[in-house]
Amino acid sequence: MQVKHGFKIPLMSPVVDQEMLQAAVLALQSEKLVMGESVYKFEEEFARYCGTRHAVSTASGTAALQIALQSMGIEESGEIITTPFSFFATSNAVIHAGAQPRFADLEKDGFNLDPEKVELKLTPKTRAIIPVHLYGHPSRMHELRDLADDKGIRIVEDACQAHGAEYDGRRVGSLGDVGCFSFYTSKNMTVCGDGGMIVTDDEQVADAARSFRDCGRASKYTMSRIGYTSRLNTVNAAIGRVQLRRLDTWNETRRKMASMYRRELDGTAGLELPPGETPGERSVYHLFVVRSNHRDKLATHLEKNGVESAIHYPVPIHLQAPYRARYGYSEGSFPIAESVAGRVLSLPIHPSITEEEVKTVSRLVRDLTYSK
Ligand SMILES: Cc1ncc(COP(=O)(O)O)c(C=O)c1O
């Protein structure tokens, strides 16, 4: 069963199949609605999938990031370096955790943090780096890891868009000290509602996270910290278990369709394709994002022809009103992020898109001339 959309070719298309419906009904009929057996099984299976010792589910990806930082004991004055070009939840979570986000600009030809620019932002107060594997493409983890080890700081991967992506043969989430995932309905896998996951090898962090997400509990009616009601519901976990089993197949389809877009669009004048994979990188193409100086014209042309597209993201985080007000950022603070935000367009990609549809979208993209 496919969720219905108003476009002939939708941007994304979350899957809800019969097995997921059955899993949901079974969980509702036979388990505790909160912290039922499915939650623990989903955590175990997700940890195994990522190659980490622990996984702790949460109510959202934002909560996963916030709780991860708090579980690592990041104190209030602690600075966290991250990208200004992400969904704004990444840096909101830093602020919710009581720490201070410090942005560094992007690499010149990609969408992720530039490790050299991160290095320039380090101060004695820096406690962690949050690389975001944006659009499903892994960040340059070797350089970031070296930097973090050198300075004795932690890495929290924002893998909210990158379930199953790999770097040097390891799944993202397992490369930093902690990895965070979102299961929001647009992601490569979802729980058919909001949900998140923290993965880590660090037992202390995992124990603290389990307590934080469950009211700060030490036991049923004693608490060890001021926590949150931020648990993943049982029924969502039951659906997540089925989705996790489909994830690799779905990611393979995404990769195949991304290759087809590349073949179809290669050489189109004035159109930049997403960065390719360097050896050891394996993207899962959460989004297939092109860059054009005529982005808005292109989006309108696609829409007129029944093709949905979107801009991820039109305004970089530092130029959002609350960040301007709080930190005094203005245009020019992070030039690459700002330039990219003005030129990106996400084309339809999802596990149910057909080769014919990719060809149709590509033909429409090629229709326009992209002179400067
Ligand atoms: C990169 C990134 N970070 C964080 C989040 C926050 O996740 P959630 O929406 O589940 O809170 C999202 C997704 O929405 C995201 O794409």
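The values are calculated or read from the model by the stated rules, or taken from the named source; none is laboratory data. Here the structure is a predicted model, which means the values were calculated and not measured. Note: ideal-geometry Cβ built from the backbone for every residue, glycine included; neighbour counts use all protein chains shown. Accessible surface is based on the protein model in full, side chains and every heavy atom, while ligands, DNA and RNA are left aside. Shrake-Rupley method; radii C 1.70, N 1.55, O 1.52, S 1.80 Å.
The residues of segment 278-291 that are over 16 Å from residue 256 (Cβ atoms) and open to solvent by less than 40 Å² (accessible area, probe 1.4 Å), listed by number, are 280, 281, 289, 290, 291. No other residue among 59, 47 is over 21 Å from residue 338 (Cα atoms), within 16 Å of the ligand (Cβ to nearest atom) and touching a strand residue (DSSP E or B) at 6+ places or on another chain (Cβ under 9 Å) apart from 59.
Looking across segment 83-106, the residues that are within 11 Å of the ligand (Cβ to nearest atom) and more than 21 Å from residue 230 (Cβ to Cβ) come down to 83, 85. Among the residues making up segment 165-192, a single one is of a type in the set (Ser, Thr, Tyr), over 20 Å from residue 13 (Cβ atoms) and outside any strand (DSSP E or B): 174. For residues in segment 64-82 being farther than 17 Å from residue 224 by Cα and of a type in the set (S, T, N, Q), which is least open to solvent (accessible area, probe 1.4 Å)? Only one residue tops the list, namely 82. Among the residues of segment 325-372, those identified as surrounded by 16 or more Cβ atoms within 10 Å (Cβ to Cβ), farther than 25 Å from residue 9 by Cβ and touching an Asp or Glu at 6+ places or on another chain (Cβ under 8 Å) are 334, 336, 337, 338.
Entry remark, segment 178-220: residues being away from the ligand (no atom under 16 Å from the Cβ), closer than 15 Å to residue 47 by Cβ and surrounded by 17 or more Cβ atoms within 10 Å (Cβ to Cβ) number 5 in total.
For segment 94-107, taking the residues that are within 30 Å of residue 38 (Cα to Cα) and outside any loop (DSSP other than H, G, I, E, B), the one that is least open to solvent (accessible area, probe 1.4 Å) is identified as 94.
Only residues that are open to solvent by 40 Å² or more (accessible area, probe 1.4 Å), assigned to a helix (DSSP H, G or I), more than 30 Å from residue 217 (Cα to Cα) and not polar (S, T, N, Q) were counted in segment 228-277, giving 9.
Residues in segment 117-145 that are touching a helix residue (DSSP H, G or I) at 6+ places or on another chain (Cβ under 8 Å) and either without any contact (Cβ under 8 Å) to a residue 24 or more places away in the chain or not in a helix (DSSP H, G or I) (or both): 122, 126, 128, 129, 130, 131, 132, 140. Of all the numbered requirements in (1) of a type outside the set (A, V, I, L, M, F, W, C); (2) buried (at least 20 other Cβ atoms within 10 Å of the Cβ); (3) away from the ligand (no atom under 11 Å from the Cβ), residue 145 misses one, and that requirement is (2).
For every residue, the table says whether it meets (1) part of a strand (DSSP E or B); (2) touching a residue at least 24 places away in the same chain (Cβ under 8 Å).
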site: 27; (1), (2): no, yes
site: 32; (1), (2): no, yes
site: 46; (1), (2): no, yes
site: 56; (1), (2): yes, yes
site: 62; (1), (2): no, yes
site: 76; (1), (2): no, no
site: 92; (1), (2): no, yes
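When residue 12 is tested against (1) away from the ligand (no atom under 16 Å from the Cβ); (2) at pLDDT below 95; (3) crowded, with 21+ Cβ neighbours inside 10 Å, just one condition goes unmet, and that condition is (1). Inspect all residues belonging to segment 267-280 and state whether any of them is aliphatic (A, V, I, L, M) and out of contact with any Phe, Trp or Tyr (no Cβ under 9 Å at 6 or more places or on another chain). No, segment 267-280 has no match at all. Residue-level check: of (1) on the phi > 0 side of the Ramachandran plot; (2) modelled with pLDDT under 95, residue 98 misses just (2). Going by the structure shown, is residue 162 modelled with pLDDT of 95 or more, outside any strand (DSSP E or B), open to solvent by less than 20 Å² (accessible area, probe 1.4 Å) and within 21 Å of residue 47 (Cβ to Cβ)? Against the criterion (modelled with pLDDT of 95 or more, outside any strand (DSSP E or B), open to solvent by less than 20 Å² (accessible area, probe 1.4 Å) and within 21 Å of residue 47 (Cβ to Cβ)), residue 162 qualifies.
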